[in-house]
Structure formats: structure tokens, C-alpha cells
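What follows is calculated from the coordinates using simple rules that are stated; it is not laboratory data. Please read all numbers here as calculations on a predicted model, not as lab measurements. Backbone-built Cβ (ideal geometry, glycine too); neighbour counts: all protein chains shown.
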Ligand SMILES: [Zn+2]
Ligand SMILES: [Zn+2]
């Protein structure tokens with residue numbers, strides 16, 4: 001007879017873990033109890049040796065499908081002696097305790113499981129057509145949890161009293177809903193309601209579903225309260241309806257995602273590989289970018305997804321229904337439906353009905369809402385599958401708050417809050433070492449769901465709440481705050497405030513350095529790495545705008561090993577929406593006033609004169625080494641649209657144009673720095689040697705000549721991409737000590753052509769290449785790099801007893 005005290009760490013709450021423990025204990029006729037704590041699950045079991053061994057084996061090797069076991073710690077206890085009960089008191093599930101500090105023990109929101117889907121489709125079930133059906137294997141989690149430990153009373157389901165039937169399921173160890181916290185049914189759970197844009201009720205319950213379906217089929221725009229926020233839905237096969245949504249949402253070209261009823265429907269519209277269908281059908285159920293299917297003429301085909309959904313884009317962002325509400329709607333409309341975040345461009349997603357009426361009332365014809373509150377906004381995630389696996393382009397639903405483990409001694413790590421950048425913002429919390437009863441957790445980073453661009457006051461408010469939320473949820477007092485080096489970012493300013501509020505040091509990290517660190521952190525790379533950090537813009541320590549950087553990074557330091565030759569951007573920030581400005585700035589460097597000869601397709605003569613005069617006088621023409629702006633310039637020179645509606649649009653057009661079979665590359669020159677290219681400040685760059693400059697002049701000359709000779713855009717684009725890939729090899733050979741791992745990071749590496757060509761050239765040259773899998777290569781991944789670097793900078797300086805509060 002033995003008694004064991006067991007502590008389990010990992011994703012062990014909100015996944016049916018206690019019911020699983022209960023059943024395993026009952027199988028072995030063990031006595032004892034199981035209890036959720038804020039950061040762990042605690043178990044005591046008493047019984048015979050063989051039964052205890054079988055119990056431990058089940059814990060370690062056969063947990064519930066959504067659980068992730070990080071550690072099982074076992075201590076011997078004195079057996080409980082109760083007359084007539086050799087195994088002590090019968091096994092039971094105890095109320096939650098708060099003994100340990102909160103850790104990321106809960107899963108992300110989980111897409112509807114097969115069993116629940118079957119139930120809502122079965123007229124004999126009491127949850128037939130009930131849009132809030134869920135169980136221990138599926139349903140809302142991160143979007144409804146207020147705090148840990150995970151119990152109904154600490155979720156937004158707290159206000160719904162269970163009916164007798166739900167209570168019976170909740171209490172029955174044999175039921176799939178045994179201790180399922182968000183359990184609900186038509187009698188006791190949340191209900192639907194349809195409102196007109198002014199907020200007047202038009203229908204409720206099942207009639208609300210019917211009204212919504214009718215509105216969608218009639219081409220109307222519907223705002224629905226989804227899992228983690230409002231979404232805007234419209235018939236994707238109705239060109240006029242899609243155009244109306246674009247016009248009302250003020251979104252000119254950026255692609256919309258489309259939801260399809262089933263995987264069979266996905267096959268009608270996108271080229272689907274096996275790994276892609278697995279991701280679509282996973283419990284994360286993200287938007288997956290798939291190549292549009294080219295249809296043979298004359299074959300019978302379903303109604304087309306109209307071009308306005310993703311203008312000029314060979315990819316479609318497709319997803320499957322992931323809540324019962326989406327399943328019911330999609331089954332009824334039986335066609336592709338645009339499903340995009342419920343917001344105006346540059347504003348955050350609405351999460352409350354009041355907010356939706358106020359902000360979406362001018363976009364939507366109808367609002368479908370319900371009375372289950374959303375605790376925090378969680379947008380849809382976006383992924384793409386490449387040759388080297390999953391690339392997350394937007395990390396939100398299905399991912400947050402799953403922790404990313406850092407290959408760092410947790411005893412050395414203070415708790416650190418990172419506030420990210422300015423665009424595609426996310427925030428991150430590094431949870432350092434908390435020593436409890438002799439055991440320590442691994443160092444983990446929890447990233448918020450995608451927040452978005454911080455261009456408007458409402459967006460900044462959402463960002464600040466996301467930062468506050470992480471700190472409050474995990475009940476920590478950060479020992480340091482980290483942000484970008486840019487003095488004017490809203491994220492930098494909030495970091496300064498928090499640093500003062502907590503009396504915690506502020507660490508500022510250079511943008512491109514953070515990108516490299518994010519990729520290194522993902523892969524647990526401890527030693528030096530060479531990072532190709534290519535993106536739109538980031539603040540350089542020399543006051544110029546960086547963006548085409550090759551950084552040799554070691555520990556908390558970096559050396560700017562190489563960068564793109566700089567050029568002037570006439571009008572500064574306006575260049576991000578006007579590739580023609582980048583093109584003119586680039587040509588001015590080579591041709592001076594003669595650049596005017598190339599500008600006729602882009603500007604009226606008076607505009608050209610004004611811009612050239614600005615360039616000559618160096619007025620409002622900041623210099624940049626931005627790779628993103630080089631892509632823009634090349635796109636404009638290739639004859640692609642000179643003005644765009646979102647940053648990155650020109651680079652995407654260039655990527656999509658690239659001819660797969662073209663192997664030639666334009667020449668690029670690697671030279672030592674010129675007068676215009678001063679080295680980084682000595683404080684940031686560890687080594688005094690001169691950095692190398694990647695000179696695009698020969699490329700631009702060859703490109704212009706090809707263009708004049710009417711070479712196809714496909715070949716121009718491919719030769720440009722190939723040139724960058726070749727240059728990556730040349731730079732690596734010139735600057736990298738042998739055996740240094742190579743990291744490809746920054747928004748430019750969302751470009752699949754650039755990534756695959758650069759990776760394969762480097763790999764062929766014998767280098768080890770790493771790309772992003774867990775966080776986006778763009779600014780959505782910055783916060784991870786920021787915490788990683790701050791941790792390294794602060795290593796050993798902190799007393800980790802400050803970590804818990
Ligand atoms: Zn389920
Ligand atoms: Zn009920």
C-alpha cells in the first residue's frame with residue numbers, strides 16, 4: 001500500500017484532464033483526489049503498487065487529446081488509514097486551489113469536435129441546432145477565461161446557471177461533458193439574437209439563425225459575434241455584395257478570408273495537399289493560404305469565388321467552420337462566405353454588442369449577436385504551408401496562449417514583458433523561474449493574440465489592455481519591460497509608462513535584431529547566428545531607417561555585418577503606399593535629375609520636378625536601407641501598380657509574378673561602406689570593422705535595360721528574387737565564421753518565392769538555415785525576440801524571488 005503526491009505541469013486545464021485522472025484512478029480502484037491549481041494539477045493517489053504504476057503510465061503516455069504533459073513530479077506520502085477502506089477515501093475531484101503561481105496550463109480555443117458536430121446535426125439530441133454546444137474536447141477557452149484556475153466561475157459562462165440535465169452531465173464521470181466548464185444547452189445557455197444596424201431586435205433563437213441565413217443568401221452583409229470577436233460575413237460568390245463590403249469597410253485590395261462548409265468544398269477552390277487539409281481540420285482551424293484552383297474549361301463547377309475577394313492574388317485564404325454557430329450557418333448557406341474581422345480598416349475588432357452596433361452598424365445590414373461575453377479579443381489565425389513546414393502569418397485563435405518554451409535556465413530569468421512593435425503588434429510575457437517545492441517550471445513565453453497596427457487610438461487601447469491582461473492573468477510583477485528602439489511608437493511610450501509604474505528597468509531592442517532573436521528563440525539557438533533581417537522599416541541606432549540588414553548576433557549583442565545601400569525616400573512615410581516614390585528615390589541615386597526620364601509612367605511632370613527638387617535639396621527625404629522599399633521600387637520599375645492600398649501589396653504582386661522556370665539572376669555588388677553608409681554606433685555593434693554594403697545599382701541598371709527590351713514581368717521578378725538569394729550566399733561567405741546557423745526573418749520572408757530560393761541556395765552552399773514556424777516572420781513575432789534579448793541582457797542581474805506576487 002503506497003500513497004503518492006503528484007504534480008502535473010503542461011496544458012492540463014480545460015482539456016478534460018481531471019475527468020481523465022478520475023477515470024484512471026477509478027479503473028485502478030485507487031483512493032485520493034485531484035485538484036486544479038493556478039499553475040499545475042495536483043493529485044494524491046493511494047493503492048497497490050501495480051495499480052499506481054499503471055496510473056502513472058496513463059498520466060504520462062495516454063492523456064486526453066488536447067493535453068500536453070510537460071512534467072510529472074512524484075513524491076511518496078504516508079498512506080491514509082481509514083477502517084474498512086484500504087485505499088483511503090474514495091477518489092474525488094476537489095474544488096480548485098490557488099497554491100501555485102498561474103502558468104499557461106490551459107489550451108487555446110478549440111474547434112468543434114466530431115461528437116459535438118454530430119449532436120447538433122441530430123434531431124433526436126437535445127442540443128440539435130444549438131450554436132453553443134461544446135465539451136471537454138472542444139469549445140471556447142482563452143476567449144472566455146478571466147483567470148486561473150480554470151473553473152466555470154472564472155469564465156464568462158459564470159452568469160449562466162446550469163439546468164438539471166447539464167448539471168447531471170457535468171457530474172457524470174462517464175459523460176463527455178464531465179467537468180466541461182462552458183457546458184450549455186438551449187435551456188440554460190447563451191442565446192442568439194438578430195439586430196438591425198440600430199440595435200433593435202428582429203429575431204431570437206432559431207429564428208435568428210434563419211434570418212441570418214436569409215440575409216446572407218440575399219447578398220446582405222452580416223456582422224456575427226464569433227468566438228473571439230465580431231466577424232463580417234458576405235456571400236463570396238456575389239460580386240456586388242463583396243464590392244459593397246470593401247467600400248463600407250474602406251478596404252480596397254487587401255484579400256478577404258473565405259469560409260467553406262466542408263473540406264470537399266475546399267478542394268473545389270484551392271490546391272490542397274495532405275498536410276494542408278490536416279491543418280484546416282485541426283482543432284486550431286486557422287485560415288490556410290492555398291493556391292487558387294485553375295479550372296479546366298467546360299468542367300462542371302460550383303459558383304466561383306469572385307475576384308474581388310482577393311484581387312490579383314493567386315492564393316485564397318480558406319478556412320472551415322470552427323464553432324457550432326459557423327457550422328450551422330455554413331451548412332444552411334452551402335456556399336463560400338467571406339469571413340473577415342469585424343472592424344473598419346485600421347481599427348480593432350468589435351467584441352461587444354454595443355461596440356458592434358456603434359462601429360459596425362455602418363457596415364453591416366444585420367447583426368447576429370449573443371449573450372456570452374468575450375473576455376479578450378482573439379482574431380482568426382493565418383498560416384501557410386511551405387516546403388519546410390508551417391509558417392504562421394498571424395498568430396491568434398488556436399495558438400494563444402500556448403506557451404513557447406525557451407532554451408534558457410529558468411532560475412536566471414526574471415519575468416519580462418515585451419511590448420512588440422508598431423505594426424501587426426503582439427505582446428509577450430516571459431515567465432521566469434518560480435521555485436516551488438523544489439521544482440521549477442521551464443522558461444516559457446506567452447504571446448498575446450494578434451493585436452494589429454497601432455495607428456488609431458482604439459487600437460492603442462486594445463494593445464494596452466492586451467499587455468495589462470497578460471500581467472494580470474499570470475499575476476506577475478515584471479522585473480523588466482522591453483520595447484523597440486523607435487522613440488515614437490505607441491508601444492515604446494507605453495513601455496516607458498509601465499517601466500516607471502513597476503520601477504522595472506526598460507530595455508530597448510533594435511527592430512531587426514529582435515527579428516533575428518525571435519527566430520533564434522524559436523529554434524533554441526544559443527550561440528552566434530547570422531540573421532538576414534529583411535522588412536519594410538525599423539529604427540536604426542544611427543537614426544536612419546533600416547530594413548535590409550544582415551546582422552551577426554551573439555548573446556545580447558549584434559554587429560551590422562552588411563546592409564543594403566541606402567537611398568532617399570521622397571516624402572518619407574508616404575513611400576509605403578506609393579512604390580513609385582521608392583523607385584524615383586532609387587533611380588535618383590544613380591541617375592540624378594535624369595531619373596525624370598523614367599518617371600513619366602508614375603507622376604505628372606510637375607510632381608516629378610517637385611520630388612526631384614526635394615531629393616536634390618535633401619528635404620523630407622529620409623535615407624533607408626529598407627528591403628521592403630527595394631521590392632516596391634523594383635515592382636514599380638517592372639510596371640506593376642505605382643500606388644497601392646496596403647503595405648506589402650507591391651512585394652506580393654512581384655512575388656506572384658515570378659516565373660518559376662527562370663534561373664538567371666541580376667548582378668548585385670558587395671562592397672565596403674561608402675560615405676553615405678556610416679557604421680552603426682559602437683555601442684550597438686560589437687566590432688569596429690567596416691560593414692559591407694549590398695549595392696543594388698548593377699541590378700537596377702540590368703532591370704531597367706530588360707524592361708526597356710520588353711522582357712516579361714515574370715522573368716524580371718524571378719531574376720530579382722534570384723539575385724537576392726545569390727547575394728545571401730555571397731554575404732554569408734564574406735562575413736560568417738564557418739558553421740554559424742543562418743536565420744531568415746522579417747516581413748519580406750512572408751514571400752514564399754524569396755524564402756524558398758534563399759533557403760535552397762544557402763543550403764546548397766552547405767549552410768544550416770532556419771525560418772519561422774511558431775511566430776510570424778514579420779512584426780507579429782517581434783515581441784518574442786524582444787523578451788529573448790532582454791533575458792540575455794539581464795541574465796544574472798535579477799533576484800527571481802521577485803517573480804511571484
Ligand atoms: Zn465537443
Ligand atoms: Zn442546460
**Globularity ratio of the range 150-301, using Cα Rg and 2.2 N^0.38 Å** = 1.34
**Prompt:** Hey, what does the equivalent ellipsoid look like for the range 553-611, semi-axes from the Cα gyration tensor as sqrt of 5 times each eigenvalue, largest first, whole Å?
**Reply:** 31, 13, 8
**Fill in**
To the nearest 0.05, the calculated FRET efficiency linking residue 331 and residue 590 through their beta-carbon distance, R0 being 51 Å, is 0.30
**Item:** Nearest-0.05 FRET efficiency for residue 2 and residue 161, computed from C-beta distance (R0 30 Å)
**Value:** 0.15
**Request:** Tell me the label-point distance for the pair residue 74, residue 526, using the 7 Å Cα-to-Cβ offset, in nm and rounded to one decimal.
**Result:** 2.9
**Message:** Under the √(5λ) rule applied to the eigenvalues of the Cα gyration tensor, what semi-axes describe the equivalent ellipsoid of the chain? Give them in Å, descending.
**Reply:** 48, 34, 23
**Request:** Give the order of 474, 20 when sorted by the count of other beta carbons within 10 angstrom, beginning with the fewest.
**Result:** 20, 474
**Prompt:** Among 228-239, 197-208, how do they line up from the highest to the lowest mean number of other beta-carbon atoms within 10 Å?
**Reply:** 228-239, 197-208
**Alpha-carbon Debye profile of the range 36-101, log10 I(q)/I(0) at 0.18 Å⁻¹** = -0.87
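Report, for the chain, the % of DSSP beta bridges that are antiparallel, rounded to 5.
Expressed as a percentage, antiparallel bridges in the chain total about 75.
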**Prompt:** residue 734 versus residue 128, label points 7 Å from Cα toward the beta carbon: distance in nm?
**Reply:** 7.3
**Asked** So if we plug the beta-carbon distance of residue 293 and residue 760 into 1/(1 + (r/R0)^6) with R0 = 25 Å, what FRET efficiency do we get, rounded to 0.05?
**Response** 0.45
**Request:** Within 10 Å, count the other beta carbons around each residue, average over each peptide in 103-112, 484-493, 504-513, and list them highest first.
**Result:** 103-112, 504-513, 484-493
**Prompt:** How big is the range 131-197 on each of its three principal axes, counting only the C-alpha atoms and giving the largest first in Å?
**Reply:** 45, 26, 20
**Request:** Rounded to whole Å and sorted largest first, list the principal axis extents of the Cα atoms in the range 709-779.
**Result:** 42, 29, 17
**Least to most buried among 116, 339, 188 (fewest other Cβ within 10 Å first)** = 188, 116, 339
**Relative packing of peptides 77-88, 150-161 - highest average C-beta neighbours within 10 Å first** = 150-161, 77-88
**Share of pairwise Cα separations in the range 252-386, more than 27 Å, in percent** = 23
**Prompt:** Using every alpha carbon pair in the range 352-488, what percent of pairs falls into each 10 Å bin from 0 up to the bin containing the largest distance?
**Reply:** 10, 33, 33, 18, 5, 1
**the range 249-312 - Rg over Rh from alpha carbon coordinates, Kirkwood radius** = 0.98
**Complete:** In nanometres, the difference between 0.36 nm per residue of separation and the alpha-carbon distance of residue 773 and residue 262 is 181.3 nm
